[in-house]
1. When only Cα pairs under 8 Å and 6 or more residues apart are kept, what is the percent relative contact order across chain A?
2. At 222 nm, what value in deg cm²/dmol follows for chain B if DSSP H runs of at least 4 each add -39500 (n - 2.57) and the sum is divided by all its residues, to the nearest 500?
3. Given a 1.4 angstrom probe, what's the average accessible area per residue across chain B, in square angstrom?
4. For the stretch A:207-351, calculate the relative contact order in percent as a whole number, restricting contacts to Cα pairs under 8 Å that are 6 or more residues apart.
5. List the accessible area buried at the contact between B and A, summed over both sides and calculated with a 1.4 Å probe, in Å² to the nearest 100.
6. Which FRET efficiency, nearest 0.05, do B:ILE182 and B:LEU99 yield, Cβ-Cβ r, R0 25 Å?
7. Mind ranking A:GLU220, A:GLU82, A:GLU66 by accessible surface for me, highest first, 1.4 Å probe?
8. Would you mind pulling out the separation of the Cα centroids of the stretch A:233-249 and the stretch B:60-93, in Å?
Amino acid sequence: MHAILKKSTQLLAVASLGVMLFSANASAANEQYFPLQSYRIGPYAAGGTGFFGGFIDYLQYVNAKEGGVNGVKFTWSECETEYVVEKGVECYERLKKGLNGAPAAATNPLSVGIAYATLERSTADKLPLITINHGRTDSTDGSVFPYAFPLQLNPYSEVSAIINYIAEKSGGLDKLKGKKIVTLYHGSPYGKETSPILELLAKKYGFELTLLEVPHPGNEQQSQWLNIRRAKPDWVILRGWGVMNPVALKTAQKTGFPTDRIIGNIWSNSEEDAAPAGAAAKGFISITTHPSGTNFPVLQDIDKFVVKAGKGNLQDAKRFGTVYYNLGVVNGILNVEAVRVAQAKFGKRPLTGEEVRWGFENIRLDDKRLKELGALGLVQPLKLSCADHEGGGAVRFQQWDGSKWNVISDWVQADRKLLRPIIEESARQYAKEKGITPRDCGKEG
Amino acid sequence: MSFFFEVLLGGLLAGVMYSLIAIGFVLIYKASGVFNFAQGSMVLFAALTFVSLLERSVPFWGAFVFTLLIMLVLAWAIERFVLRQLVNRPPITLFMATLGLSYIIEGLAQAVWGAQVHGLDLGVSDEPFELGGMLLSQFDLFAAAVAGTLVVLLSLLFNKTRTGIALRAVADDQLAALAVGIRLHRLWLIVWAVAGVVGLVAGLLWGARLGVQFSLSLIVLKALPVLIIGGFTSIGGAIVGGLIIGASEKLAEVFIGPIIGGGIENWFPYVLAMLFLLVRPAGLFGERAIERV
C-alpha cells in the first residue's frame with residue numbers, strides 16, 4: 001500500500017510538473033518579449049527609472065486594457081546596466097534569446113554607448129535596436145543600418161531645429177547673419193557629435209559660432225561661462241548631460257547671462273535638469289519631442305488601469321507625467337505600434353525581431369491614428385520607411401517656469417533636405433568600411 | 001586686465017570648494033595613514049540624507065542635526081566593523097577597504113533615499129554683485145567663509161587639544177601610540193566622525209551648487225591634485241592647494257584652452273600636480289617621511 005501511494009505521489013508530481021511546464025509554454029507561446037537593459041542605480045538612475053518606468057507602465061496598460069495586441073500579451077524582464085557599456089552588452093547577450101519561449105521584439109537601451117556597442121550584434125541577430133531621440137545620426141539611413149532606429153529625432157535634426165527656432169525668433173533665416181551663438185557641449189563623443197553640422201549651418205547662414213567644451217561630468221563651468229560673458233552671444237545652445245545642466249544654469253546666473261537665452265538640447269530638457277538649479281533655471285528654454293504633463297488620454301488611462309491599480313512602476317508617484325516618464329510612454333507607444341503593424345502582415349502571433357523590424361519601417365502615425373492611441377499632441381506624426389528610420393525630425397520648445405515645463409512653440413521642423421545627403425554620405429562610408437551592401441529600399445515592401 | 005582678475009578670483013573661490021573635500025581626506029590620512037576613497041560617497045550620503053529629510057518636512061536645523069547623528073553612526077559602524085578588524089594591516093589593505101566602503105555607501109544611499117535628483121536651497125543667494133567691474137558670487141563668498149571657519153576649528157582641534165596631540169601620535173606610529181596607552185579605536189571613531197561632519201558641510205555646499213545627485217561623489221577627483229600639491233597631512237596645505245588648483249585651472253581654461261582646443265580644466269590640475277610631485281613629493285606642507293632602509 002505504501003509503495004502504491006509513493007508511486008502515485010511520484011506520478012502526480014510528474015504530472016503536475018508537466019502541466020506547469022505546458023502552461024508556461026502555452027502562456028509564452030502567446031507572448032511578445034521586451035528585453036530591458038535598464039539602469040536604476042548609479043549616476044544616471046534618475047533618467048533610467050523615469051524612462052523604463054514609463055515604458056513598462058505602457059506595456060502594462062496595453063496588457064490590462066486590451067489584453068495585449070490581438071491577444072498577444074507583452075512580457076519583459078530587466079537587466080541592470082548602471083549605464084555601463086560592458087554591462088549593457090552582457091545584458092543584451094543574456095536577454096536577446098527571449099523569455100520562456102516568448103521571442104524578443106526589440107532592444108531599447110537608452111544609452112549611446114550601449115547602442116554603439118550592440119549595433120553590429122543587433123544586425124547579426126536581426127533584432128531592432130531602438131535609440132529614440134539619440135543614437136548614430138547616419139543610422140537614419142535604413143538601407144545601411146537595417147536594424148537601428150533613431151526614432152523621432154537624430155542629433156543633426158536636433159541642432160537644425162534649434163537653429164530654425166532661433167531664426168524664427170530673429171525674424172527669418174536671413175536674419176541669422178551676424179548673430180553670435182555659443183554651443184556649450186559635454187566633453188564626450190555625444191557632446192561633440194553635432195559640432196560639424198553646427199559649423200556647416202554657421203557657414204550657410206552666416207552666424208558666428210563658438211564651440212566651448214565642458215569636461216565630464218561638468219560640475220565646474222566658471223571659466224566657460226566667463227568666456228561666454230566675454231563673447232556676449234545672442235544665444236547659448238546647451239548640449240549637456242546629467243549634472244552639467246543645472247550647473248550650467250547656476251553658473252549662467254552667477255555670471256549674469258540671461259537664462260531665457262539658453263536653449264537646452266534633448267538631454268537637457270527634463271525636470272531633473274532644471275529643478276536642481278532652483279531659481280536660476282526660471283526662463284530656461286529647451287527642446288522636446290513630447291510635452292510633460294498628464295493631459296493626454298493615454299496617460300489618464302495608464303493612471304486608471306495601472307497606477308491607481310497599484311501596479312505603477314515608478315517608486316516616486318510624483319514623477320508620473322514628467323519628461324523622462326513620458327518619453328518612456330512614447331517609446332512604448334512606438335514599440336507596440338511596430339508590433340501591431342507587423343502582426344497585420346505576418347499574423348496575430350508573437351513575432352521575430354526581423355518581423356518587428358518590418359513593423360517599425362511601416363509605422364504611419366498621422367493625427368487620426370494618434371488620436372486613436374490617445375497620444376495626439378504627445379507624439380509627433382511619424383512616417384518611417386526602409387530609407388528613413390527617424391521619421392519625424394521635429395521638436396517643440398518648452399520653457400521652465402520655476403516648477404514645471406510649459407510648451408511655448410508649435411512643431412519646428414529640422415531642415416531634413418539639407419541633412420539627408422550628409423547622412424547618406426556618412427552611411428555610405430560606414431558601409432564601405434564594414435563591407436556592407438546597402439539594401440535597395442525601392443524593392444522593400 | 002579686469003577680466004583676468006575676475007577669472008583669478010572666480011578660480012580662487014572655486015578652489016575653496018575643492019579644499020573642503022580635500023580636508024576630509026587629510027583628516028583620515030593624518031590619523032590612520034589611509035587614503036579614504038569613500039570620502040566622496042560620504043559627501044553624497046550626507047547631502048542626500050539632509051535633502052531627503054528636508055523634503056519630508058523636517059525643519060532645516062532638525063535635518064542638519066539628524067544627518068549629523070546619522071554620520072556619527074556611520075563613522076561608528078565603519079570603525080567597529082571594518083577598521084577595527086584591520087589594525088596594523090598594510091595601508092593598501094585599508095585603502096581597498098575604503099574602496100569597498102565607497103560602493104557600499106553609494107548603494108546604501110540609493111537604496112534608502114532613491115535615485116531622484118534633488119535641488120537644495122540653503123537660503124544664500126547666488127545672484128552676482130559687481131565690484132570694480134567684476135561680478136562676484138555671494139554664494140561663493142559664503143562658501144569661502146564656511147571653509148575658513150572650518151579650517152580654524154579643525155586647527156584648534158589638532159593643535160590645542162589632547163585628542164589632537166594623540167591623533168598626531170597615532171599618525172606618526174600606530175604601534176608606539178598603542179604602547180603608550182592611546183586608545184586607537186576611540187581616536188579612529190573621532191576622526192571618522194569629524195570627517196563625516198566635514199563631509200556634511202561639503203555636501204551641503206556642493207549640493208546647493210550642483211544639485212544633490214550621484215555625480216556629487218565624483219567631486220573627489222577634484223581633491224586629488226589639491227592633496228598632491230598641499231600635502232596629505234596638512235589642513236592648511238589643503239586650503240593652499242585648493243587655491244592653487246582653482247586659480248590655475250580657470251586661468252588655463254580661459255587663456256590657454258582656446259589655443260589647444262578647450263576642455264583642459266579636468267586634466268590641467270593633474271599636470272600641475274605631477275610637476276609638484278617631481279619637485280616636492282610630499283607636497284608644499286606635507287611631512288617628509290624619513291625612514292631607515
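1. Values: 862 pairs, mean separation 86.3, N = 445.
Answer for chain A is 19 percent.
2. Working: 12 runs with 204 residues, N = 293.
The helix contribution divided over chain B gives -23500 deg cm²/dmol.
3. Values: 12700 Å² over 293 residues.
Per residue, chain B has 43 Å² of solvent-accessible surface.
4. On the way: 149 pairs, mean separation 24.7, N = 145.
Dividing the mean separation by the residue count of the stretch A:207-351 yields 17 percent.
5. On the way: alone 14170 and 18710 Å², together 29880 Å².
Chains B and A together bury roughly 3000 Å² of accessible area.
6. Values: r = 27 Å, r/R0 = 1.09.
Calculated transfer efficiency: 0.35.
7. Values: A:GLU220 15, A:GLU82 65, A:GLU66 95 Å².
Heavy-atom accessible area, descending, gives A:GLU66, A:GLU82, A:GLU220.
8. Between the Cα centre of the stretch A:233-249 and that of the stretch B:60-93, the gap is 37 Å.
The values are calculated or read from the model by the stated rules, or taken from the named source; none is laboratory data. Computed from a prediction, not measured in an experiment: that's the story for all the values here. A quick note on method: Cβ atoms are made from the backbone with ideal geometry, for glycine too, and the neighbour counts reach across all protein chains shown. Ligands, DNA and RNA are excluded from the accessible area calculation, which covers all protein heavy atoms including side chains. Shrake-Rupley method; radii C 1.70, N 1.55, O 1.52, S 1.80 Å.
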